[in-house]
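Derivation of every value follows stated rules applied to the coordinates shown; laboratory data play no part. Keep in mind that this is a model prediction, so the values were computed, not measured. Cβ placement follows ideal geometry from the backbone for every residue including glycine, while neighbour counts extend to all protein chains displayed.
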Amino acid sequence: MAVAEKLSAVDAYLDGLEHGRKAEIETLRRLILAAVPDLVETIKWNAPSFGPGEDDRITMRLHPGDRLQLILHRGAKAGTDDFFRFEDPDRLLSWAAPDRGVVTFRDADDLRAKSAALGEVLRRWVACTTR
C-alpha cells in the first residue's frame, strides 16, 4: 500500500472514530509526525501506529476511552536482546516490559505538559530501535 493510501486510511479511520479524547488523539498524532517526520502512519490494533516503513515503533492505545496511551515498542514481538536499555530522564514512560514503554495522557492538560519532552523521547526511541 502506498504512503498516500495509508494516510488516507488513517484519516478515514479517525474521521469515523467516536472517542472522548479525539482532540487529544489528533494533537498527539501531529506531535508524533512533527517529532519524527519520516515515520509512516498506519492503523494497527484499531489505532494509529507509526514506524519506519512497515516496522511499527510507536502505537496509540485508544481504549479504554478515559485516557490515551502511547506504546513505544520494538515491533510486534518482544525483543530478544535482554540488554536493551532506554534512558528516560523526564520519566514519561512506565515499563510494561523491558523493551516496551507506555506514556499515559490523562487529559489535554497532561498531554500539553508532556509534549515538550515527548518529541525528544520519540526521536531517540525510533533511532535506538531501528537498525
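Could you please report the charge total around THR27, scoring K, R as +1 and D, E as -1 over all other residues with beta-carbon less than 15 angstrom from its beta-carbon?
+2
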(message) Could you tell me the center-to-center distance, by alpha carbons, between region 25-76 and region 100-120 in angstrom?
(response) 13
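Determine the calculated [θ] at 222 nm for the chain from helices alone, applying -39500 (n - 2.57) to every DSSP H run no shorter than 4 residues and normalising by the residue count; nearest 500 deg cm²/dmol.
Working: 3 runs with 50 residues, N = 131.
Value at 222 nm, helices only: -13000 deg cm²/dmol.
Mind ranking 22-30, 66-74 by how tightly packed they are, going by the mean number of other C-beta atoms within 10 angstrom, highest first? The partial results should precede the final answer.
Details: 22-30: 16.2, 66-74: 20.3.
Packing order, densest peptide first, comes out as 66-74, 22-30.
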(message) Place a point 7 Å from the Cα of GLU120 along the Cα-to-Cβ direction; which residues of region 21-60 have their backbone N under 17 Å from it?
(response) 32, 35-36
(message) Counting only other residues whose beta carbon sits under 15 Å from that of PHE105, what net charge do I get with K and R as +1, D and E as -1?
(response) +3
(request) Compute the semi-axes of the equivalent ellipsoid of region 8-63, taking the square root of 5 times each eigenvalue of the Cα gyration tensor, and list them largest first in whole Å. (result) 18, 12, 10
(message) With 25 Å as the cut-off, how large is the P(r) tail for the chain, expressed as percent of Cα-Cα pairs?
(response) 20
(request) Compute the signed sum of charges (Lys and Arg +1, Asp and Glu -1) over the other residues within less than 15 Å, Cβ to Cβ, of GLY119. (result) +3
